[in-house]
Every structure is written in C-alpha cells, then in structure tokens.
Amino acid sequence: MKKDNMIAKEVEQARLYQNRRQFLARLSVGIGSAALGSLLIPDLFSGSSTGGERLASMLPHFAPKAKRVIYLFQSGGVSQLETFDPKPKLREMMGQDLPESVRGGQRLTGMTAGQATFPLVGSYYDFAQYGKSGAWVSNVFPHMAGVVDDLCIIRSLHTDAINHDPAITFFQTGAQQGNRPSMGAWLSYGLGSENQNLPAFCVLVSKGRGNGQGVYAKLWTNGFLDSVHQGVQFMGGPDPVLYLSDPAGTDRMSRRALFDKLAELNSIQFDAFGDPEITAKVQQYEMAYRMQTSVPEVTDLSGEPDHIIKLYGPDCLVPGTYAANCLLARKLSENGVRFVQLYHQGWDQHDSLPGQMAMQAKDVDQASAALVTDLKQRGLLDETLVIWGGEFGRTNYCQGALAHNNYGRDHHPRCFSVWMAGGGIKPGIVYGETDEFGYNIVKDPVHVHDFHATILHQLGLDHEKLTYRHLGRRYRLTDVAGTVVKDILV
C-alpha cells in the first residue's frame with residue numbers, strides 16, 4: 001500500500017512538472033515527427049513564455065477579407081508628383097522659391113539643406129483622368145491608368161524617416177532600427193502557412209535601371225521571432241532557392257535518411273538544452289525537403305498561356321525581371337504563400353528624374369497592372385491584397401540643376417502616394433489630399449502605423465492583439481500606435 005502511494009505521488013509530481021520539452025523528449029516518434037506536426041502551428045513547441053498564446057493566435061481574430069498579400073515595394077522613394085498627385089500650381093510657379101510658410105521649418109536632408117534656394121518644379125509628365133472614378137494618373141503609367149477603377153490610391157501617406165535605410169526598415173518592420181520582425185514574419189507567426197510545401201513568406205528582388213538603393217536580408221528578417229518565420233528569397237535563374245538542390249551523387253531516399261538522422265541528433269540536443277531554435281532548424285530541414293518538389297513546379301513559367309505572357313509583357317520570360325517576379329508572385333500567391341514581398345530598386349531620382357523615371361515606369365507599369373488584372377480574372381483579387389509604393393515621396397522643389405526636362409527631387413517624408421487593390425479595399429477611390437504645393441497633407445493623413453494596422457485588419461488580425469513578448473515587454477508590428485483606416489474598406 002505504501003509503495004502504491006509512493007508511485008501515485010511520483011506520477012502526480014511528474015504530471016505537474018512535465019513541460020513541453022520533457023514531453024517531446026519522451027515521445028517515441030521523436031522531434032522529427034514533432035517538427036512535421038508543428039509546421040501546422042509554428043512555435044507550438046518553442047518553449048517560449050508565449051507558447052500558450054500561440055494556439056489562439058494562429059487563427060484570425062475576426063473574419064478576414066484577405067487571405068494573402070503581394071507587396072510590390074518600389075525602393076528608393078517614388079515621386080508622388082509624377083505618378084498620382086498632380087499639382088498644376090508647381091508648373092505655374094516653375095523656378096520660384098518654395099514659400100517658407102509652406103515648408104514651415106520642416107527638416108531637410110543633408111543633400112539639399114545647403115541650397116540657397118528651393119526652386120519649385122512641376123512635373124515633366126502630363127496627367128489625365130481615367131476610368132469611372134476619374135482618378136488622375138501620369139501619362140508615364142498608361143497600364144496602371146487602365147486598371148485605375150480597381151485601385152485605391154492613397155495620397156496622404158506620411159512617415160517618420162527621411163533617409164532610405166530607416167525609412168525602408170520602418171515600412172517593412174514598423175521600426176526604424178533593425179532586428180525587428182518584418183511584416184511577412186508577423187503574418188507567418190500570426191496566421192501560419194496555407195501550403196505546407198512552400199514557405200509562408202517569400203521574397204523576390206528585381207533591379208531597376210535607375211539609381212539603385214540596395215535591399216538586404218534584414219528587411220525580411222524574423223527578428224526576435226523563431227527563424228522559421230524569416231522570408232525565403234527566390235532568385236532568378238536555374239536555382240530559385242539557394243542550396244535547395246541535392247548535392248551531386250545524392251538522391252531523394254538518401255536525402256530523406258539524412259534528415260531523419262539529423263532529426264535524431266537534434267532531438268538529443270533539444271533534450272539537453274531546450275533551445276527552440278533546434279525545433280526551428282528541424283522544421284526548416286523538412287520544409288527544404290518538400291520544397292525540392294514544389295519550388296521547381298511553381299517557378300516554372302513555361303506552361304503559362306500566350307495571353308498571360310502578352311498581358312505581363314515579354315520580360316516576364318526573363319528570370320529576375322520585375323515582370324517575371326510579378327508573374328511568379330501570382331503563382332506563389334495562388335499556391336497559398338501568405339506574404340509575397342517584391343522589391344524593385346531604382347526610384348531614387350535626385351537628378352535626371354524625367355529620363356530615369358521613364359525607364360522605371362517601362363519596367364513596372366505593364367506588369368503591375370497585369371498582376372491586378374490576372375488576379376481579378378482568376379477570381380483571386382477579392383482575397384489577395386496587392387500593394388504598390390515606396391518608403392517616402394519626393395520634394396516639390398528641385399535638387400541640383402533645374403530645366404523643364406531635367407531636374408531632380410530630394411526625399412520627402414511628409415506626404416506621398418501608394419495604391420492598394422483587392423483584399424477588401426474599396427476600388428476606384430482616391431483617399432487623402434495634399435496642399436496645392438504637394439508639400440503637406442490637408443485631409444485624411446495616413447501614418448505608416450495606420451497603414452500596417454489596416455493591412456493586418458484585412459487579414460483578420462487586430463494589430464493590438466498580435467504581440468510577442470521579448471526582453472520583458474510585448475512587441476507588435478505597430479509598436480504603440482496605429483489606427484485602421486476604415487474609410488477605404490469595403
């Protein structure tokens with residue numbers, strides 16, 4: 001009897017003190033199988049203090065309007081004055097100095113702070129109204145003008161950063177400093193993956209023909225989230241994902257056996273140290289194994305019909321171009337990738353803006369519009385949120401030499417334009433308004449945190465509830481700010 005009581009007491013103590021790590025170590029199936037199961041709910045076995053919260057946060061907080069996002073990020077700072085926000089006043093006052101009453105002592109970059117004057121310069125390009133909405137679009141973007149009734153153009157976005165690195169980082173992570181999770185990582189963490197054979201977060205990088213501000217892996221980092229949430233970069237060429245192919249002399253069976261043995265070794269390490277990154281590593285091995293089959297299939301564009309090639313333009317058959325990446329973004333999205341981030345470089349026109357912007361527009365105009373059209377005709381636009389825009393706008397005054405057909409513009413964080421389409425966003429509207437000089441917002445400002453809050457809302461996530469505890473505080477994409485822009489929602 002005494003022995004039975006002792007056994008019962010030990011069992012009860014084991015039940016009370018057993019944690020997830022001990023449970024995994026005692027499972028006969030081992031950590032490899034546990035990793036396979038945890039792909040459905042990443043971080044379930046991470047051992048973090050937020051582990052219990054993850055079970056609830058893998059589901060949307062409310063019914064989503066969008067299932068996934070394609071973000072066409074135009075790196076370098078697209079000029080709002082040559083795209084979607086015409087200002088006839090600037091043409092009328094060409095060469096006159098920007099009134100101090102308009103600038104209001106706002107900060108300048110080091111590139112123009114030393115100028116003796118700030119001569120106003122109107123757009124080299126003409127604008128016209130298009131579609132039933134009558135939205136104004138520059139004549140350098142005829143294809144986007146053709147889908148303007150599917151777009152919501154926001155003219156009143158503003159940001160806190162005035163230089164590229166902090167501004168791009170701010171748009172991607174909600175903070176100007178590095179080592180914060182990117183938006184795609186937050187969505188992977190909050191919603192998981194729709195397709196277990198592809199990452200939840202994929203990154204595509206193309207290069208423009210103008211001035212190129214570099215992009216770098218910290219923009220798609222997982223930050224303090226488990227590394228399974230980091231963006232996976234797809235490359236142009238025969239090997240879309242680096243190090244994915246089997247080494248020479250190996251086959252699928254031997255590769256599978258290798259992963260199984262690695263899982264056993266990692267199980268020993270996990271039992272000894274309980275490091276959640278060990279689990280993440282096993283998940284990544286398993287994902288890589290399955291991607292060996294899925295990635296070649298999804299990146300093969302040879303099966304696309306002629307009318308789709310014509311829609312995107314001939315460049316879509318050239319790996320690594322913006323057009324090819326837009327088409328690949330559609331294929332990834334329709335195969336369940338939660339967040340596709342496309343970076344296109346070359347929008348930093350401090351000089352020679354008219355000529356450089358014409359080249360940039362030639363690269364992106366047709367394919368951007370084609371993506372919207374393609375998703376729409378496939379019945380996917382309603383559930384896919386497409387975003388187009390950069391990290392800030394450009395000044396209404398000239399930087400450097402001024403001529404009607406040759407001028408530059410400096411960085412301008414106070415107001416700029418982006419567009420959104422699909423995913424429960426109202427189509428065919430223009431939101432927000434800037435003054436007649438295109439320098440300040442006069443109606444319906446949208447801060448970057450508001451922008452992020454709205455994107456998360458469309459995916460069924462309350463930006464105040466999508467949090468992660470790190471270093472003693474709860475972090476979120478919108479930090480301690482952000483308001484959903486409800487006026488642009490269907």
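The values are calculated or read from the model by the stated rules, or taken from the named source; none is laboratory data. If you're wondering where the values come from, they're calculated on a predicted model, not measured in any experiment. Here the Cβ is made from the backbone with ideal geometry for all residues, glycine too, and neighbour counts use every protein chain on show. In case anyone asks, the SASA skips ligands and DNA or RNA and just uses the protein heavy atoms, side chains included. Shrake-Rupley method; radii C 1.70, N 1.55, O 1.52, S 1.80 Å.
Things worth noting here:
- Counted residues, region 104-134 - those being assigned to a loop (DSSP other than H, G, I, E, B) and farther than 20 Å from Ala358 by Cα: 19
- Residue identified as among the small types (Gly, Ala, Ser), in contact with an Asp or Glu (Cβ under 6 Å, 6 or more places away or on another chain), closer than 20 Å to Phe171 by Cβ and touching a residue at least 12 places away in the same chain (Cβ under 8 Å) among Gly389, Gly432, Gly336, Gly408: Gly432
- Yes/no for Asp149 being free of Cβ contacts under 8 Å to residues at least 40 places away in the same chain, out of contact with any Leu (no Cβ under 6 Å at 6 or more places or on another chain), open to solvent by 50 Å² or more (accessible area, probe 1.4 Å) and part of a helix (DSSP H, G or I): no
- Selected residue (only one of Ala135, Ala145, Ala113, Ala66 is of a type outside the set (D, E, K, R), at pLDDT below 95 and under 27 Å from Gln345 (Cβ atoms)): Ala113
- With a requirement of 3 or more residues that are surrounded by 18 or more Cβ atoms within 10 Å (Cβ to Cβ), the strands (runs of 3 or more DSSP E) lying completely within region 381-440 that satisfy it span 384-389, 416-421.
- In this entry, Leu242 passes the filter for residues that are open to solvent by 40 Å² or more (accessible area, probe 1.4 Å), part of a loop (DSSP other than H, G, I, E, B), farther than 21 Å from Asp363 by Cα and among the hydrophobic types (A, V, I, L, M, F, W, C).
- For region 121-138, the set of residues classified as over 19 Å from Pro427 (Cα atoms), open to solvent by 50 Å² or more (accessible area, probe 1.4 Å) and not acidic (Asp, Glu) consists of Tyr124 only.
- Cβ pairs under 7 Å, 6+ apart, first in region 112-127 and touching a residue at least 60 places away in the same chain (Cβ under 8 Å), second outside any loop (DSSP other than H, G, I, E, B) and surrounded by fewer than 17 Cβ atoms within 10 Å (Cβ to Cβ): Phe118/Asp97; Pro119/Asp97; Pro119/Leu402; Val121/Leu402
- The set of residues from region 175-192 being closer than 17 Å to Gln341 by Cα and either out of contact with any helix residue (DSSP H, G or I) (no Cβ under 9 Å at 6 or more places or on another chain) or surrounded by fewer than 22 Cβ atoms within 10 Å (Cβ to Cβ) (or both) comprises just one member, Gly192.
- When Thr373 is tested against (1) open to solvent by less than 50 Å² (accessible area, probe 1.4 Å); (2) among the hydroxyl-bearing types (Ser, Thr, Tyr); (3) part of a loop (DSSP other than H, G, I, E, B), exactly one condition is not met: (3).
- In region 165-174, the residues that are of a type outside the set (Asp, Glu) and either surrounded by fewer than 19 Cβ atoms within 10 Å (Cβ to Cβ) or without any contact (Cβ under 8 Å) to a residue 24 or more places away in the chain (or both): Pro166
- Which numbered condition Pro247 misses (of (1) modelled with pLDDT under 75; (2) open to solvent by less than 30 Å² (accessible area, probe 1.4 Å)): (2)
- Members of region 299-346 that are under 25 Å from Gly379 (Cβ atoms), open to solvent by less than 50 Å² (accessible area, probe 1.4 Å) and not in a helix (DSSP H, G or I): Leu301, Glu304, Gly313, Gly336, Val337, Arg338, Phe339, Val340, Gln341, Leu342
- Taken together, Gln366, Gln349 contain a single residue that is open to solvent by less than 10 Å² (accessible area, probe 1.4 Å) and under 24 Å from Gly76 (Cβ atoms), which is Gln349.
- Applying a threshold of 9 Å to beta carbon distances and a minimum spacing of six or more residues, or different chains, the list of pairs starting in region 465-490 at a residue that is under 22 Å from Trp220 (Cα atoms) and ending at one that is of a type in the set (Ser, Thr, Tyr) and open to solvent by 40 Å² or more (accessible area, probe 1.4 Å) reads Arg469/Ser49.
- Within region 253-274, the residues that satisfy the criterion of being free of Cβ contacts under 8 Å to residues at least 24 places away in the same chain and of a type outside the set (A, V, I, L, M, F, W, C) are Ser254, Lys261, Gln269.
- Residue count for region 65-103, restricted to those that are closer than 30 Å to Cys202 by Cα, assigned to a loop (DSSP other than H, G, I, E, B) and open to solvent by less than 60 Å² (accessible area, probe 1.4 Å): 7.
- Some residue of region 207-228 being in contact with a strand residue (DSSP E or B) (Cβ under 9 Å, 6 or more places away or on another chain) and assigned to a strand (DSSP E or B): yes
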